[in-house]
Amino acid sequence: MTESIRTEPTLSSGNTPNMALNDPTQSAGWERATLEKLAFASLREQRAARRWKTFVRLAWLVFFIFLVWFGVSRATPTNAKAAPHTAVVEIKGEIAAGADASAEFVVESMKEAFEDDGAKGIVLLINSPGGSPVQAGIINDEIKRMRAKYNKPIYAVCEETCASAAYYIAAAGDKIFVDKASIVGSIGVLMDGFGFTGLMDKVGVERRLLTAGENKGFMDPFSPMSDSQKAFAQQMLEQIHQQFITVVKTGRGDRLKLDTPGLFSGLFWTGQQAVDMGLADQLGNVDFVAREVIKAEDVIDYTRRDNVAEKLAKKFGAAMGAASVKTLQAAPSLR
């Protein structure tokens, strides 16, 4: 039997194994281990830095949400206000779907005010040049319905401007108060746009519009308007105008001086003239109405407005919609 010979590593004078000194694989392994330790340490530092940044951002987000909640909670009236007060709902700017003066927001605000036992009367504080007759019609109908249901008075107070669709709304109130220099009236309807057919002929641009239905391209600004189409549009405007006139006559009743020249022509007048014509009842502001008419001097604003989160959501939705439109524009559209 042959004996196996085992060679023990010898020690140098510095007590270091000669194998570790002479073997290149051992040296490479040590360097690799050191690099790995350094890499893991760097990764741990980066992770710690990312966690700290995430924490700071979350802290700011929580703080921002708290500020928004605090602001909204302070601005939104509660449903239990026992003390007598005057409720104010503001109608400001364009009356249109999606705007602050939309039927959705105004009706919601009025409903909250009417349902509050502490509200002894409602004031519509109007400062608007007009807008959609549909939105104004919805608000007008809801004013009459809620006033009958809750048996509370509602007054319109006009500031700078109460014209067109804004006056459509004001006409439903029990009384209309104006400033002597307010702009009131404009009882009319319009449909506006541009026509570029003459310019296109001069420039040499050809309009290529394909439709199924002879009037599908009606009101297209790059196509000529026929006499029959113009007559159709005028008939539609006359019908909406007549609806407007009926609402004003119904709301104002015997107070309206129907013999006034140009009353329903779309003209507008100062607040003082509006009082003389019966379009308004008297001069006055919110404080005057609260103090002298409703007899509740405390004024509480019930106006429903977009909060910060809703505005951001709408902007995000608009951006997404714009991206979708750009995508769809590559294909023929069917409208």
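The values are calculated or read from the model by the stated rules, or taken from the named source; none is laboratory data. Everything quoted here is computed from the prediction, not taken from an experiment. All Cβ positions, even for glycine, are placed from backbone atoms using ideal geometry, and neighbour counts span all protein chains on display.
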Against the conditions (1) in contact with a Lys or Arg (Cβ under 7 Å, 6 or more places away or on another chain); (2) at pLDDT below 95, where does Gly271 fall short? Just the number, please.
(2)
From the set of residues in the range 261-281 that are of a type outside the set (A, V, I, L, M) and touching a strand residue (DSSP E or B) at 6+ places or on another chain (Cβ under 6 Å), which is surrounded by the most Cβ atoms within 10 Å (Cβ to Cβ)?
Gly271
Can you pull out every residue in the range 209-240 that is in a helix (DSSP H, G or I) and of a type in the set (Ser, Thr, Tyr)?
Ser228
When you scan the range 244-264, how many residues do you find that are over 32 Å from the mean Cα position of the chain (by Cα) and in contact (Cβ under 8 Å) with a residue 40 or more places away in the chain?
1
Selection over the range 246-263 where residues are in a helix (DSSP H, G or I), more than 15 Å from Ala156 (Cβ to Cβ) and touching a Leu at 6+ places or on another chain (Cβ under 9 Å) yields a count of 1
Condition check for Ala28: at pLDDT 70 or above and hydrophobic (A, V, I, L, M, F, W, C):
no
Selected residue (criterion: surrounded by the most Cβ atoms within 10 Å (Cβ to Cβ)) from residues of the range 192-208 that are under 27 Å from Pro133 (Cα atoms) and in contact (Cβ under 8 Å) with a residue 24 or more places away in the chain
Gly195
For the range 83-110, enumerate the residues that are surrounded by fewer than 17 Cβ atoms within 10 Å (Cβ to Cβ) and in a helix (DSSP H, G or I).
Glu104, Glu108
Take Ala80 and tell me if it is modelled with pLDDT under 80, within 30 Å of Asn127 (Cβ to Cβ) and not in a helix (DSSP H, G or I).
yes
Could you say which residue among Ala181, Ala165 is of a type outside the set (Val, Ile, Thr), in the same structural domain as Phe244 (by TED's automatic domain parsing), surrounded by 24 or more Cβ atoms within 10 Å (Cβ to Cβ) and farther than 15 Å from Leu256 by Cβ?
Ala165
Which condition number does Leu125 fail, the rest of (1) out of contact with any strand residue (DSSP E or B) (no Cβ under 9 Å at 6 or more places or on another chain); (2) closer than 23 Å to Asp179 by Cα; (3) of a type outside the set (S, T, N, Q) being met?
(1)
Among the residues of the range 281-293, is any modelled with pLDDT of 95 or more and in contact with a His (Cβ under 9 Å, 6 or more places away or on another chain)?
yes
Listed by first then second residue, the pairs whose first member lies in the range 165-191 and is touching a residue at least 12 places away in the same chain (Cβ under 8 Å) and of a type in the set (Val, Ile, Thr), whose partner is buried (at least 24 other Cβ atoms within 10 Å of the Cβ) and in a loop (DSSP other than H, G, I, E, B), with beta carbons under 7 Å and at least 6 positions apart or on separate chains, are Ile176/Ala280; Val178/Ala280; Val184/Leu279; Val184/Ala280
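Return yes or no: is Gly266 assigned to a loop (DSSP other than H, G, I, E, B) and in the same structural domain as Lys180 (by TED's automatic domain parsing)? So that I can check it myself, show each step before the final result.
Numbers: assigned to a loop (DSSP other than H, G, I, E, B): yes; in the same structural domain as Lys180 (by TED's automatic domain parsing): yes.
So Gly266 passes the test.
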Within the range 269-300, which residues are more than 17 Å from Lys152 (Cα to Cα) and not in a helix (DSSP H, G or I)?
Trp269, Thr270, Gly278, Leu279, Ala280, Asp281, Gln282, Leu283, Gly284, Asn285
Asp117 passes all but one of the listed conditions (1) more than 20 Å from Asp281 (Cβ to Cβ); (2) at pLDDT 95 or above; (3) of a type outside the set (A, V, I, L, M, F, W, C); (4) surrounded by fewer than 19 Cβ atoms within 10 Å (Cβ to Cβ); the exception is number (2)
Please go through the range 209-234 and pick out each residue that is surrounded by fewer than 12 Cβ atoms within 10 Å (Cβ to Cβ) and either on the phi > 0 side of the Ramachandran plot or at pLDDT 95 or above (or both).
Gly213
